[in-house]
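K.L.:
Handing you this structure, nothing more for now.
The values are calculated or read from the model by the stated rules, or taken from the named source; none is laboratory data. Keep in mind it's a predicted model, so treat the numbers as computed, not measured. So basically every Cβ, Gly included, is an ideal-geometry build from the backbone, and we count neighbours across all protein chains shown. Accessible surface areas use protein heavy atoms only, side chains included; no ligands, DNA or RNA. Shrake-Rupley method; radii C 1.70, N 1.55, O 1.52, S 1.80 Å.
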Amino acid sequence: MTAKRREFWTAMAFVSPWIIGFLIFMVYPLSASIYYSFCDYSVLRSPIWIGFQNYTDLVRDNLFWTSLENTFIFAMLALPLGTFVCLSLAMLLNMKVRFMSVYRTIFFLPSLVPTVAMAVLWLWILNGDLGVLNQALRPILSVVSIVLTHLLGPILGPIRLKPPNWLSDPGWTKPALVLLSVWSGGNTMVIYLAGLQDVPRQLYEAADLDGAGWWARTLHVTLPMLSPVILFNVIMGIIGSLQVFTLPYIMFGSGGAPANSTYFYVMYLFDNAFIYHKMGLACAMGWIMFVIIMVLTLASLRASRRHVHYSGG
Amino acid sequence: MVLATGVLLALSALFLFPLVWMVDTSIKPITETMRIPPTWIPSHWLWSDYPQAFTYGSKSLGYIPFLVYGRNTLVLCILTVAGTVISNALVAYGFSRIDWRGRDKVFAVVLGTMMVPFPVLMVPMYGLFRNMGWIGTFRPLWVPAWFAGAFNIFLLRQFFRTIPFELSEAARIDGCSHWQIFRLIIAPLARPALAVVALFQFLATWNDFLGPLIYLLNQKTFTLSLGLQVFQSQNGGTPWNLLMAASTIVIAPIIILFFFTQRQFIEGIAITGLKG
């Protein structure tokens, strides 16, 4: 055996765990999943080919559209707000203030909290009657109500603001989940922070010479330099929020109570697979999700082409 | 700067509050958790909620103490962390320290696998493990960790490439095999990167909910995540003080781990974010 060939087989030995894993846990499930998505399959019986029926069934299925819509609404709320908050926090944490490492730790801490514990904790905080959030909001809102009644009472009549019933009012369940996702966005914040620290100092000095204020520097130096990181986080955010499962599953139960308002895509997929044993249908849902993720990722890459600035490229 | 400090202090209080409130509730007697307006400082500190949390949860579940969930979780963490570190280090070595034809193309495939969302693979994986008779055992939850994954291969490969190649060359001239170079030179030098991989895997296993939910059937084998959920859903009139004590038990090890490994944590996240 030549030296080069021996080298090749040595390399194969080193990468063999990945190759075996790739075949068993990627190639096989992917091909099986495509096949099952065209089958009536319940795991207990062998799959029966039914063509595109799973897909046409889904298009006619209201719950499919509800779960998809819920997921998109959640992502559309959580992504912009999360980006804004995480970016602002990162900018704050990039300043020169004493005890900075303590602040950084505090903002990062919630993202370490295991999802199940987070769900349970916030069920307690957001509880309509006993929850500490509403107990804090109640007096504040009653003061605001009195002031508003004084100002607008003659036109609108008495105004009585009440804290929302976060967990049982279908209009407030998604904002509640968005609140949680912002609270636990420490990972994203740290990535922004690392990006901010990579912005060359000379650029700020040059901007200062041009007489740029804080806002101008942010707009013309920080944000353009940070654009690749923002793009990365937005794409990761899209992928992550489309797969949201554990938090709503624990907080609102598998049906997505109240009134299906928290029934998200992966929850419906899970129910189809493991509750109704419609494994083929679940696979079809998986593939639709895969396509949506691909399309959104490519679209954001495309849309960002003009706005994202890569140094040296 | 005074303004900035003020803003930071106020925001810190907001971010920290939920966790403080959790611990606060966990040391209150149950009657005090129902009080309006809420009391900040418990009338007396009741640490007994903790031992009670361990046993209370068990009553409705046929006497399975919360402690068993903790042990199960720990066993899984050890198995997955060991598997992840060993397999990914080997594979990353193959992708960074040995030259072979087609390496970069195969590596592109490795990276490509990162784009596949888990829900697509969920059903066939379940079917596969079912055919192997693994449903209801820990095996579906730890065996795959021994076959390396794109994300960790990428992270370690980046790190391995920064180690000077002259070291390997010199060792080769001295007659070392690749296996010896890996074991005696690369692995020891890569300890910080291996620590990051181990940390992330520990966190992932400790937090995992969907995996145990799908594969575990018997409450004796449940993990903390699953146990906490069952605990929560099976208790009608929720004993919030006990539930908060149980949540604290699940969160505390992670926070303690973080305090001892802060730098690796942040560095690891920064690497994944920026060079991804």
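K.L.:
Taking the condition of being at pLDDT 85 or above, open to solvent by 70 Å² or more (accessible area, probe 1.4 Å) and assigned to a helix (DSSP H, G or I), how many residues in the range A:152-178 meet it?
P.N.:
Selection size over the range A:152-178: 1.
K.L.:
Check A:G253, A:G237 and return the single one that is within 17 Å of A:F74 (Cβ to Cβ) and at pLDDT below 90.
P.N.:
A:G253 is the lone residue from the list that is within 17 Å of A:F74 (Cβ to Cβ) and at pLDDT below 90.
K.L.:
Given the criteria under 24 Å from B:Q232 (Cβ atoms) and either open to solvent by less than 50 Å² (accessible area, probe 1.4 Å) or over 30 Å from the mean Cα position of the chain (by Cα) (or both), does A:A119 qualify?
P.N.:
For A:A119, the condition - under 24 Å from B:Q232 (Cβ atoms) and either open to solvent by less than 50 Å² (accessible area, probe 1.4 Å) or over 30 Å from the mean Cα position of the chain (by Cα) (or both) - is met.
K.L.:
Please pick out the residue among B:R130, B:R172, B:R191 that is open to solvent by 50 Å² or more (accessible area, probe 1.4 Å) and either at pLDDT 95 or above or over 30 Å from B:Y93 (Cα atoms) (or both).
P.N.:
Only one candidate passes the filter, namely B:R130.
K.L.:
Could you pull out every one of the helices (runs of 4 or more DSSP H) wholly within the range A:1-118 that has 3 or more residues that are closer than 30 Å to A:L223 by Cα and at the interface with chain B (Cβ under 10 Å from one of its Cβ atoms)?
P.N.:
Hits in the range A:1-118: A:62-93, A:100-108.
K.L.:
Within the range A:185-193, identify whether any single residue is under 25 Å from B:W40 (Cα atoms) and out of contact with any His (no Cβ under 6 Å at 6 or more places or on another chain), and answer yes or no.
P.N.:
no
K.L.:
Tell me which helices (runs of 4 or more DSSP H) are completely within the range B:149-231 and hold 1 or more residues being in contact with a Pro (Cβ under 7 Å, 6 or more places away or on another chain) and not hydrophobic (A, V, I, L, M, F, W, C), or say none if there are none.
P.N.:
Those helices (runs of 4 or more DSSP H) span B:191-207, B:210-215.
K.L.:
Of all residues in the range A:242-252, which are facing another protein chain (nearest Cβ under 8 Å) and assigned to a loop (DSSP other than H, G, I, E, B)?
P.N.:
Within the range A:242-252, A:Q243, A:F245 qualify.
K.L.:
Right, here's the next one. Among the numbered conditions (1) surrounded by fewer than 18 Cβ atoms within 10 Å (Cβ to Cβ); (2) not in a loop (DSSP other than H, G, I, E, B), tell me where B:P18 comes up short.
P.N.:
Failed condition: (1).
K.L.:
In addition: Identify all residues within the range B:127-145 that are more than 7 Å from every other protein chain (Cβ to nearest Cβ), not aliphatic (A, V, I, L, M) and not in a loop (DSSP other than H, G, I, E, B); write none if there are none.
P.N.:
B:F129, B:N131, B:R139, B:P140, B:W142
K.L.:
If you take the residues in the range A:198-215 that are in contact with a helix residue (DSSP H, G or I) (Cβ under 9 Å, 6 or more places away or on another chain) and within 30 Å of A:A78 (Cβ to Cβ), which one is most open to solvent (accessible area, probe 1.4 Å)?
P.N.:
A:D198
K.L.:
Against the condition crowded, with 17+ Cβ neighbours inside 10 Å, within 14 Å of another protein chain (Cβ to nearest Cβ) and more than 22 Å from A:I24 (Cβ to Cβ), how does B:F182 come out, does it pass?
P.N.:
yes
K.L.:
Only one of these is within 30 Å of B:F260 (Cβ to Cβ) and touching a residue at least 12 places away in the same chain (Cβ under 8 Å): A:V144, A:V113. Name it.
P.N.:
Going through A:V144, A:V113 in turn, the sole match is A:V113.
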